[in-house]
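Here is the structure we will look at, set down as structure tokens.
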Amino acid sequence: MTLRRASQLLLLFLFLFLFLYSKYPIKGPYTVDLFFKIDPLVALLASLAARDWISDLTWALPVLGLAIILGRFFCGWICPLGATIDISRRYLRKRKLSPKPSRRGMWFKYTVLVFLAVAAMFSVGFFWFFDPISLLLRSMTLFIYPIFAFGTSSLLDTASYIPVLEDPALDLLDWLKTWALPVHDPLFLKSLLVALIFLSIIIVERYSSRFWCRFVCPLGALFGLFSGKSLLRRRVSEDCNECGKCQRSCRMMAIAADPVKTCNSECILCMDCAEVCPENAISYGFRGRAESDTVLDLPRRRLIFSSLAGLVGAGAMGVAVVDRARASRAIRPPGALLEDEFIDKCIRCYACVRACSTSGDCLHPTLAETGIEGLLTPAASMRIGYCEYNCNLCGTVCPTGAIHELDMEDKKKRRMGLADFDRNRCIPWASGDDCIVCEEHCPLPDKAIKFESREINVVGKGPKLVKLPYVRRDLCTGCGICETKCPVKGRAAILVTRDEEERWTGGTDGF
Amino acid sequence: MGLTRRRFIRTAGRLTAAVVGYHLLPVSSLASENGPLVGVVKSSNHLEALRSAVEMFGSMKNFVSKGDRVLLKPNISWDRRPEQAANTNPDLVREVVKMCFDAGAKSVKVLDRTCNNATRCYDRSGIADAAREAGADVSFVSESRFKEVPIPEGKILKSWPVYREFLRADKYISMPVLKHHSMAVVSGGVKNSMGLIGGDRGTIHRDFPDKITDINTVLKPAFTILDATKVLIRNGPQGGSLDDVKIFDTVIAGIDVVAIDSVGASVMGESATTMPYLLKASERGLGEHDLEKIKIQRAELG
């Protein structure tokens, strides 16, 4: 156990702990979005895309500045995705020394960075797709944690049907549900895309170490840009016998053909080479012989090509068609910015989805409902869940302010949309039987669903006195609990749309 | 003499349950000769009111035997604080848990299938903490733990999923909270059983009088304690505004759930005659709604 490994494990556990802790009730700032405070890729590109500096993320800049001194330490010591990748590789790949390493293609991540930066300049954000922290958090929320939760609770539930195991299994499950597992298993539709991407990143480790970090990661590329002349770096003394063991053990293939030379923009300071060197010739410090090499092979054509790709990509978003019917049913979280700004600032980290799944459980991923530019942005599906009246967890955890953190009293008054009856399906209106489950569940102290007791003439049954519900549009906030609880099968008889929604603009009263 | 008869009926009930094959919770028929007894105690000291109401039936030992696994079901349905009176008073819950243990219960499980998010409800109602303080096992309702149970006396519902913890318990004690309910008019003990059933409960609202009676023929509590300390008199069943809460400082207890609800309704100024579900339940023999035929024992403590 080296210091570096300890650091990786510590930060990974911190990530997992904060993830588990990002649920109702959130007390204090200990939520998983804290990790974005040290993510300069998100800080820079989200602010650029939104044309608004995200002050909460200002501390990410000094972290980037540290790379000038410490090199690409973030990737080797801090990044939780990096730690996950390293741990996976340990089990997926037999520990054999790789043959002569090839460093072709490692320039690619720099073109990814250029592509993302250019698109962001045109106010289109693709960077969320490639940001490692956002990617890991998204995968945890939509895929890893649900699988773990579902698996554990299914296992214990099944075990409890064996008579002798009944009590211990159920007691254990109850205890887990109180402290570590979600109360109801969160299963997300549309998580397949995210699951596939995450699994690919892990599975490729079997064939190529730190594939993501070497070829794709734009955050790594960003750190790499600042690390070329780092003060802390790999140093090789005269004792080197050029056996090449270090080259073969380097997971980043950062050591040149001449083992004395290091490519500092690729070295993540894992220090494995120092461990394996039979002559003890390698050390990491501020003094000593060091010669550098580079993979930053970016001829002009590559730069131009990736810039063009960014431009074309951004442009393509502008002409994409939005299905207005479906978009009007994609309700945004309370406190969300205006749609364009929301899509620019949302980094699809799903911290809001994670928090909401422990409360009302309405926020879910979208695919193309809000247009391709809104791909994977979260929106409320009121048939699955609703927005809890006393809750504003989503605004609390959003790292970029795409969802503004509303004051609780304010949140209870603001409209996410409006509910509307479909009288052809609503039980009292359509068949004269009593229901008003919607009215029962409306959380407003002065309910937004009222009813009138009227005698109506029911076809086939004659006159009947029935309680007929209606929406008070001046009171409704569009929380959606009525739609969730409506007992009509299939599409509910009361639907929430984005009608009259209020978005945060930072204006006089904020809206 | 009453003691012997009670024991006989209880043993007969247990034998019947064994024959049928799953737990049918035995109902003590202590008061069936004179019309059902309902205790109504008013006191600003709520715990005193509770104890006094229970004492009208002897003690909790008449309902909970040594070694019993007790299922105590308060109303934890809504994400509301205790002063908003949408859920059962947590202080009363704590005290009843203690009473069950004092009577020799092996375990007391406290749970409810909530309407709002369960974590929020259990926490903000204060009931999870209060029950745990007295040593109860507080757990969330697990969606996979419902078992389809036949309803032999069902008019509309012939079977329905019922929570496994109910089926595993030796005794079921119901602790509803009295409040206004737009559809039902008043929500009390009869409606409390909704928290132990699975499936799409919204459909129960259609033809509610018969359906809720069907459910209650299977979910019969040994004892019911109706919390009328703070009552939501408008905008129920969850309210929100403190203006809708009226202090009644009353605890109502009994074995006949219909009688308790009828008395509870009258305390609120309502009448069973305006409540179709109560009339239907009474008509079908679930209990007695007519206040003239109920033996109401009142007490008001200083």
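The table that follows gives values for the structure above.
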quantity	calculated
Residues residue B:44 and residue A:239, FRET efficiency given R0 of 51 Å [Cβ-Cβ distance, rounded to 0.05]	0.05
Sites residue B:147 and residue A:93 - FRET efficiency at Förster radius 35 Å, r taken between beta-carbons, to 0.05	0.15
Filter on A:23/A:413; B:61/B:171; A:413/A:450; A:467/B:230; B:171/B:220 - keep pairs with C-alpha separation over 20 Å	A:23/A:413; A:467/B:230
Mean Cβ neighbour count within 10 Å, used as a protection proxy, ranking A:424-435, B:116-127, B:55-66 highest first	B:116-127, A:424-435, B:55-66
Percentage relative contact order, the stretch A:418-497, counting C-alpha pairs under 8 Å, at least six apart	41
Distribution of pairwise C-alpha distances over the stretch A:324-411, 5 Å bins, in %	3, 16, 29, 28, 18, 6, 1
Filtered chymotrypsin sites (Phe, Trp or Tyr not before Pro), the stretch A:283-356: DSSP coil and at most 14 other beta carbons within 10 Å	A:286
Virtual spin-label span in nm between residue B:129 and residue B:206, 7 Å along Cα→Cβ	4.2
If the convex hull is drawn through the Cα atoms of the stretch A:345-460, its volume per residue in Å³	126
Kirkwood hydrodynamic radius (C-alpha pairs) into Stokes-Einstein, the protein assembly as shown, 4 °C and 1.567 mPa s, D in µm²/s	43
Diffusion coefficient, µm² s⁻¹, Stokes-Einstein with Kirkwood Rh over alpha-carbon pairs of the stretch A:72-201 at 25 °C and 0.890 mPa s	133
The stretch A:266-388: radius of gyration and largest Cα-Cα distance (Dmax), Å	23.7, 69
Estimated translational D of the stretch A:196-260 in µm²/s (Stokes, Kirkwood radius over Cα pairs; 4 °C; 1.567 mPa s)	93
Degrees separating the helix A:192-203 axis from the principal Cα axis of chain A, which is the longest one	20
Ranking of A:348, A:498, A:287 by count of other Cβ atoms within 10 Å, fewest first	A:287, A:498, A:348
Residue among B:224, B:88, B:274 with the largest mean-square fluctuation in a Gaussian network model of chain B, springs linking Cα atoms under 10 Å	B:274
Compactness index (Cα Rg / 2.2 N^0.38 Å), the stretch B:30-300	0.90
Along each principal axis, Cα extent of the stretch A:167-235, largest first, Å	61, 30, 22
Computed [θ] at 222 nm, helices only, for the protein assembly as shown once each DSSP H run of length n ≥ 4 contributes -39500 (n - 2.57)	-10500 deg cm²/dmol
Rounded to 5, the percent of DSSP beta bridges in the stretch B:30-300 classed as antiparallel	50
Beta bridges per DSSP with both ends in the protein assembly as shown, % antiparallel, nearest 5	65
Whichever aspartates and glutamates have a C-alpha closer than 12 Å to that of residue B:66, once near sequence neighbours (fewer than 8 apart) are set aside	B:102, B:170
Two-decimal log10 I(q)/I(0) for the stretch A:418-497, as the Debye equation yields it once each C-alpha is a single scatterer, q = 0.24 Å⁻¹	-1.11
Listed peptides A:386-396, A:45-55, A:147-157, A:120-130 by packing density, highest first (mean Cβ within 10 Å)	A:386-396, A:120-130, A:45-55, A:147-157
Average Cα contact separation per residue, chain A, under 8 Å, 6 or more apart, as relative contact order %	16
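Where a number appears in this text, it was derived from the coordinates with a stated rule and is not lab data. Quick caveat: nothing in here was measured; it's all calculated off a predicted structure. Methodologically, a virtual Cβ is constructed for each residue, glycine included, from the backbone with ideal geometry; neighbour enumeration extends over all protein chains shown.
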